[in-house]
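These notes are about the structure you will find just below.
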Amino acid sequence: MSTSSRLQLKRIEELVAKGKAEGGTLVSAPCDMPEQGSFYPPSFFTNVDTASTVISAGALKDSRLSQPTF
């Protein structure tokens with residue numbers, strides 16, 4: 001397990017905890033996860049406010065996806 005993978009997993013876990021604390025509902029796919037490595041099941045939040053941390057974090061990371069291409 002690389003350091004960046006562990007750090008990334010920790011960040012995901014922190015965002016999930018924050019999203020739940022802010023009232024969001026986490027929906028995760030029921031799937032087996034590898035025992036080695038840093039993995040988090042495919043998941044998304046519902047019932048979140050547009051000002052929530054998980055929306056802000058996702059929008060910053062994926063803002064390039066909403067940019068028009070010409």
Between residue 9 and residue 33, what is the spin-label point distance in nm, taking each point 7 Å from the Cα along the Cα→C-beta axis? 0.7 nm
Formal net charge of residues neighbouring residue 39 (Cβ-Cβ distance under 12 Å; K, R +1; D, E -1): -2
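Each value in this text was obtained by applying a stated rule to the coordinates, not by laboratory testing. Keep in mind it's a predicted model, so treat the numbers as computed, not measured. Please note: Cβ atoms are built from the backbone with ideal geometry, for glycine as well, and neighbour counts cover all protein chains shown.
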